[in-house]
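Read-outs throughout are calculated quantities, based only on the coordinates presented, and are distinct from any laboratory measurement. Not measured: the values here are computed from a predicted model. So basically every Cβ, Gly included, is an ideal-geometry build from the backbone, and we count neighbours across all protein chains shown.
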Amino acid sequence: MTGLDEESAAPAMTRRGLRLRFRHKRNEEAFRRDYAERIRVQSQLGLLAGAVAYAILGLVDPWFFPESYPRIWALRLVVVVAVVAGLALTRSPRWWDHDQSILAFVAVVAGIGAVIKLGMGSPETVNTYYFGLALLVVWIHTFSGLRVAASLGVSTVLLAAYAAVVTGAHQLPLHNLVTNSLNLVVTTAIAALAGYVIEHQRRLVFAQTRLLEAERSNHQRRALHDHLTGLPNRLRFEADAEKARARAQRHGRYLAVLFVDLDGFKSVNDELGHHAGDQVLAAVARNLEQALRGSDTVARMGGDEFLVLLEDLPSAGEAGRVAEALLNGVGTPISVRNGTGAARIVRVSASIGVAVSAGESPLERLIRRADDAMYAAKAVGPGKYRQVGPGDATGPEPPDDMPTASLLSRG
C-alpha cells in the first residue's frame, strides 16, 4: 500500500505476506500502543467468553470419557486458569508491552488442551471434538485480539499438533484424517482472512486518525501563530497572559508585558524591499526568543510590533534587565538579501515599553500601559526602554473600555 510521509500525511503501510506493518518504525510503535489500548476491552470480553464456553462444553465430557473424565476436567481447569490469568494480565501494566505474548500463550494453552483431549479419547471423540478445535481457531483469528501474524502462527501449531496426535493415538482412516484436516485448514484460512481484513481496517482507521490529528494540529497552529515568524499571535499571547496573570496573583509573584516596536523599520522596506523586510522580522523574532527564558513568551502583533510576556519574576527590576537583553538582541547585525539577491548587513533597533504587575491589573490595561511606555521611550530616542509599575503613569491613561486592537495598530 502506498502512502505519504509520516509527518505530512497518513502513515504508509507495507505488506510482507500476511504481515502488515507501517513503513516508519515510529508509526508502527504508535499503532501497537494504540492497538493494545483499544484491543484490551475486546480481549477481556473474548477471554471471558472463552473461559465460560470452555467450561460449559465440559458438560459433555462424561459421555465421551466415562472413566477418565476427572482427568479431563482437571485439564479443562488448567486451561480455564490460564485464560483467567490472561484476563487478569489485561489489567496489568505488563499488558501494554506484552499484549500479543499474553494472548498467544493463552491461545496455545487452550489449543493444546483441546488436542490432548482428542488424544485421550476414542475415534468417536476425535470426530466430535475436532469441531471445538475449529471454533477455537475462529476465536483465535477474530476475537482473541491477536494480530494476523501471531494468530496464524498459533493456529498452524495447533493444526500440526492435531494431525500428529490423532494419527499417532487413533490411526484414523486416511479419508477421515484428510477430511478433518482439510476442514480445519479451510476454517483457518477463512478465519485468517477475516483477521487480516480486520487488522487492515484498523490500520487504515489509525492512519486516517493520525492524518486528521496532524491536520487539526496544523490548523490550530496556524490560527494561533504568525505565518512569517512562527511566533504566537495576539490570540495565543492573550490566552497565555491571562493564565500567567492568574498564577501571579495566586503565588504573589511579578509578571511583565513588554511592548517592542522596531525603530525606523519602514526605511528597510523602502530601501531593500519587502522581501528583505520579512527577513529582518524573522531574524528579530529569533533574536528576541534567544534573549528570553524558556518560560517567557514573545508574540508578533503585526507589522514591526512584538509583545513579550515575562512571568514568575522575583522582583519588578528583573523586567528592566530583560528589556536591556532584548535591546541588545535586536541590535545584532542581520544578513539579508535584497531583490537582486545581493547580501546586505542590516542593523535595527527597538523601543520597548515595560509594564510590571503582580497580577492585579487586567490584561488590557497592562498592554495599554506597556504601549504608552514604549511611546515614552521612543520619544527619548531609538534603542531605549521605559518601565512602569502598577502605580506609575506615563501620561493620560486611556479609558478601560478602549479596545486593545486600536492600541496595537497605532503608529
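Residues of the chain were split at every exposed loop site, defined as trypsin sites (Lys or Arg not before Pro) in a DSSP loop with at most 14 other C-beta atoms within 10 angstrom, and the longest piece left, sites excluded, is 95-292.
Taking other C-beta atoms within 10 Å as the exposure proxy, Asp278, Asp99 rank Asp278, Asp99 from fewest upward. Overall shape of the stretch 234-408 was characterised from the C-alpha gyration tensor. The equivalent ellipsoid obtained from it has semi-axes of 29, 16, 14 Å, in decreasing order. According to the square roots a ≥ b ≥ c of the eigenvalues of the Cα gyration tensor, what is the shape class of the stretch 202-321, taking rounded for a/c under 1.5, prolate for a/b larger than b/c otherwise, and oblate for the remainder? The shape class here is oblate. Lys and Arg at +1, Asp and Glu at -1: add these up for the other residues within a Cβ distance under 11 Å of Val268 and post the number. Its environment carries a net charge of -2.
Helix 317-330 axis versus longest C-alpha principal axis of the chain: approximately 90°, rounded to the nearest ten. In a reduced charge model with +1 at each Lys and Arg Cβ and -1 at each Asp and Glu Cβ, the stretch 234-408 shows a dipole moment near 440 debye about its Cα centre. Relative contact order, whole percent, for the chain stands at 12, derived from Cα pairs under 8 Å and 6 or more residues apart. Computed from the C-alpha gyration tensor, the three semi-axes of the ellipsoid equivalent to the chain are 75, 25, 14 Å, from longest to shortest.
Multiplying the residue separation of Arg286 and His175 by 0.36 nm and removing their Cα-Cα distance gives an extension gain of 32.0 nm.
Between the Cα long axis of helix 148-170 and the first principal axis of the chain there is an angle of about 10°, rounded to the nearest 10. For the chain, the longest principal axis of the alpha carbon atoms and the long axis of helix 25-57 meet at an angle near 30°. Taking a straight Cα-Cα cut-off under 18 Å and skipping sequence neighbours fewer than 8 places away in the same chain, the aspartates and glutamates within cross-link reach of Lys266 are Asp278, Asp304, Glu305. Along the stretch 273-283 the Karplus relation, 6.51 cos²θ - 1.76 cosθ + 1.60 evaluated at θ = phi - 60°, assigns HN-Hα couplings of x, 5, 4, 5, x, 5, 5, 5, 4, 5, 5 Hz to successive residues, with x for each Gly and Pro.
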